[in-house]
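Note sheet for the following structure.
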Amino acid sequence: MSARTIGIIGGGQLGRMLAMAAARLNFRTVILEPQAGCPAAQVANSQITAAYADPLALAELAAACDIVTYEFENVPVEAAETLARNVPVYPPPRALEVAQDRLTEKRFLNGCGIPTARFHAVDSQEELEAALADFGGQGVLKTRRLGYDGKGQRVFRSPADSPEGAFAALGNVPLILESFVPFEREISIIAARAVDGTVAAYDPAENVHRDGILDTSTLPARIDSQTAAAAHESAGKLLAALDYVGVVGIEFFVLPDGSLVANEIAPRVHNSGHWTEAACVVSQFEQHIRAITGLPLGDPARHSDCVMTNLIGDDLNDVPMWLSRPHALVHLYGKTEARPGRKMGHVTEITRAKG
């Protein structure tokens, strides 16, 4: 364990927390990130400062590392495939390919037997208008690639919302129109699959979003055991279909009858799993490191109820208040500029110890 080096593509807060978890288990980490002094590099052993697809940088990363992983899903698939010819890359590049395109993702989920919202591919203004007509003038129009935290979207709430110019307004790029889902709440499940196929999943979290960005994740979620079991089953299906190694996040809508509709997947550690560092013995970050390095997966059992709250933009000013609370774990990301919509850190507050 002490002799192995892990490459992490991406230098944000998720890479930072992965590097911290790796260090606890005696692994070295090398960050590939174009921004010098990024949050992950502040706690890693070294950084390669270059674009993610730079051929020389990829060769340097492969030569320096025994395993490569990534902290976000917009890593160029070609870069991951190039690395995979020389060093194990986990999760596999196929997971990136599926997650990077919302249309591919929806079709893949349906192929695994996992329900999603109804959807139409939209490649022109005419196709948008036809798709909206099929959905009664309602739906959520999204870019198929690169959108996150509510970006790259437009909502049509009724036939009165004119679609005129919407295709051009979103950049004349491939889009997807998703039908509205009459959900009661949103949940997510964080699961891991080891090299040997062993799967471990954490309890589903109940999520609340603010301005398209995750605000809080609460444990336990207000769901029954059948709904929780369905989330676990869906995670297992997805992980097996991708021959996945590492941690994945899957977001769901919970319908009034308790059934689930998958919203999206994230082939990486996930914001809605940050609570695991305070309420579980083994966090999602350590679980990912264990999975990709061939170590036994940790027990995902939750020892406490909790609420994780994101610190977004000026929420950073609330840190002294959070630090004064006796059961709150504050985790800041090493970012120097608090901009609107920027995740600066998070707090997990233990609300009750189980048992």
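Just so it is clear, none of the values below were taken in a lab; they were calculated from the coordinates. Being a predicted model, the structure only gives us computed values, none of them experimental. Here Cβ is always computed from backbone atoms with ideal geometry, including for glycine, and neighbour counts include all displayed protein chains.
General observations
- Burial order of peptide ranges 163-170, 87-94, 272-279 (average beta-carbon count within 10 Å, highest first): 272-279, 87-94, 163-170
- Sorted by Cβ neighbour density within 10 Å, fewest at the top, the residues Phe183, Phe253: Phe183, Phe253
- Environment charge at Ala279 (Cβ cut-off 12 Å; Lys +1, Arg +1, Asp -1, Glu -1): -1
- The Cα-based radius of gyration and maximum Cα-Cα distance (Dmax) for region 1-123 are 15.9, 51 Å.
- A straight line joining the Cα centroids of region 295-332 and region 174-224 runs 18 Å.
- The simple Förster model, with R0 at 22 Å and r as the Cβ-Cβ distance, assigns Ala353 and Ser324 a FRET efficiency of 0.60.
- Based on DSSP H segments of at least four residues, each scored -39500 (n - 2.57), the chain has a per-residue ellipticity at 222 nm of -7500 deg cm²/dmol.
- Convex hull projection area averaged over all views, the chain, Cα basis, nm²: 18.1
- Just checking the listed ones, Gln42, Gln125, Gln13: in the Gaussian network model of the chain with Cα springs under 10 Å, the one fluctuating most is Gln125.
- Surrounding net charge for Leu61, when Lys and Arg each add one and Asp and Glu each subtract one, Cβ distance under 15 Å: -4
- Thr351, Thr69, Thr336, Thr216 arranged by Cβ crowding within 10 Å, fewest neighbours leading: Thr336, Thr351, Thr216, Thr69
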